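Working notes, structure below.
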Amino acid sequence: MYASAATEVHIVRHIRLDEERILKVIHRNRDTFADQTVIHPEAEILRGLRHPGIPILFDYGEDDESICLIEEYVRGPSLQEYFREHTSITVAELSYLMSRLCDILDYLHSQPTPILYQDLKPEHIIMRGGEPVLIDYGISSFLGMTNCSDIYGTEGYLAPELLSGSAPHKLSDVYSLGVVAHYLSEHCDDRLPGQMSNQILLAMSGDPGNRPASVGEWKTFWDACCRGATGSDHGIAMHSPARIAVCCSYPGTGCTHIAISLVTYLIFIGKSACYIDRCGVGVVERIYENCREFREKKGLIYHSTFRGLRCYETHDGSRNSINYFPYNGICVMDCGRRNTPVPDADITLFVAGSAPWKRGAVPECFVSADHCYLLVNPASAGACFAFAKDTGRRAYGFPLDPDPFRITDKKRRLFSAILSGERL
């Protein structure tokens, strides 16, 4: 079936049970594992595991020449082979596959001594009756037992911090999960929802601190996608209406002004929308204090063309509004300066200044996101052309605007053009 200088893999049959098994033969004289006093690492890892997504280790034996493992034979195509026969999958199927893969990795990470898989890629994911099974634990290890100088994994799926000499950790597997999710998204028959795209980009972040905190946490997200809004098994659980994030490249580019203008526009066209201050700077409170035509009711500060949530003090003294006051309409989140996607945003407006000292580079994660739109404020044909050339994306110019609470024809046409293809 497979042979290399160090390992042979054969399909064998158990005579009495009449069942196929995998026989893996590891040659001692060519393998770095030469200590005969301890069990081989792969056998040590597999022997206590019982999960439908992990092959069973049935037997183990060794002599002076070789080490033999008898494992469950998982019949089915690899994920890589699967896409040679299937042109695409649905967004719902992607969600389900990611939920199951997260479940397998979460099981490994939750062992008394956590297990790092370290080589997640489509070739190691076998599709057995529609369910993914993770095979080949040859370079898996227990957390803290891999030498930092040893780099294990496959190029393209390997977490970047490992290439710089860091020890592998649980978030290294999260990165590989993100790359697999991106691989699946390239075979999707439809555009991914904004939140899903953002989650994948965050999982693939070069900074481990930007990734989901754990595989278990990420599984919760994919489980929600599977449940769907109606509770169906394979629906996409993206809340409705949408959440729109407004971010900027540099302080003072008008991120707050545009967020307020967008809320005003949405209310103007009959949508239920609300401004949410994710920066915690108290913009809505200052509006209320300085503008007599605004009123407050149940935490909402509003008048006929605007609605915003008052900020609330959190347990750590910071100011936040969305976590303490749920809103069922369209949420326009003023997120300020960011270089990573907003995890819970369905749509992102990224604002760049037209002045050279307020322009800044657009982070790649925003350039590559399908549901992200680039705005230049104030509108400048030269700046829009430069950004479009640099990013390969269309750049919209936001008109010079002294009053964010007033809807002009230019603003109406701009927001209508940006949001016309989005589900609100």
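The values are calculated or read from the model by the stated rules, or taken from the named source; none is laboratory data. A quick note: this is a predicted structure, and the numbers were derived from the prediction, not measured. All Cβ positions, even for glycine, are placed from backbone atoms using ideal geometry, and neighbour counts span all protein chains on display. All accessible areas refer to the heavy atoms of the entire protein, side chains included, with ligands and DNA or RNA removed. Shrake-Rupley method; radii C 1.70, N 1.55, O 1.52, S 1.80 Å.
Couple of notes before you dig in:
- Per-peptide packing, taken as the mean over residues of other Cβ atoms within 10 Å, places 200-206, 15-21 in the sequence 200-206, 15-21 from highest down.
- Cut-off 18 Å (backbone N to label point 7 Å along Cα→Cβ of residue 86), residues of segment 183-217: 183-192
- Multiplying the residue separation of residue 217 and residue 59 by 0.36 nm and subtracting their alpha-carbon distance yields 53.5 nm.
- Dividing the summed helix terms, -39500 (n - 2.57) for each DSSP H run of n ≥ 4, by the number of residues in the chain produces a 222 nm estimate of -8500 deg cm²/dmol to the nearest 500.
- Rounded if a/c under 1.5, otherwise prolate or oblate - segment 250-296, Cα gyration tensor axes: oblate
- Greater than 32 Å apart at Cα, pairs in 297/411; 121/271; 389/410: 121/271
- Prolate/oblate/rounded call for segment 325-424, Cα gyration tensor, a/c under 1.5 rounded: oblate
- Relative contact order of segment 150-221, defined on C-alpha pairs under 8 angstrom at six or more residues apart (%): 33 percent
- Using Cβ point charges alone (K and R +1, D and E -1), the dipole size of the chain about the Cα centre works out to roughly 2820 debye.
- Apportionment of accessible area to carbon and sulfur, the chain, percent (1.4 Å): 50 percent
- Calculated FRET value between residue 20 and residue 368, using beta carbons and R₀ = 56 Å, to 0.05: 0.85
- Which label in [x] 1.07; [y] 0.99; [z] 0.94 gives the computed Rg/Rh (Cα atoms, Kirkwood Rh): [x]
- Ellipsoid semi-axes in whole angstrom, largest first, where each is sqrt(5λ) of the Cα gyration tensor of segment 50-101: 33, 14, 8
- Length-normalised contact order of the chain in % [C-alpha pairs under 8 Å, at least 6 apart]: 12 percent
- Full-extension gain in nm, residue 422 to residue 188, via 0.36 nm per residue minus C-alpha separation: 82.4 nm
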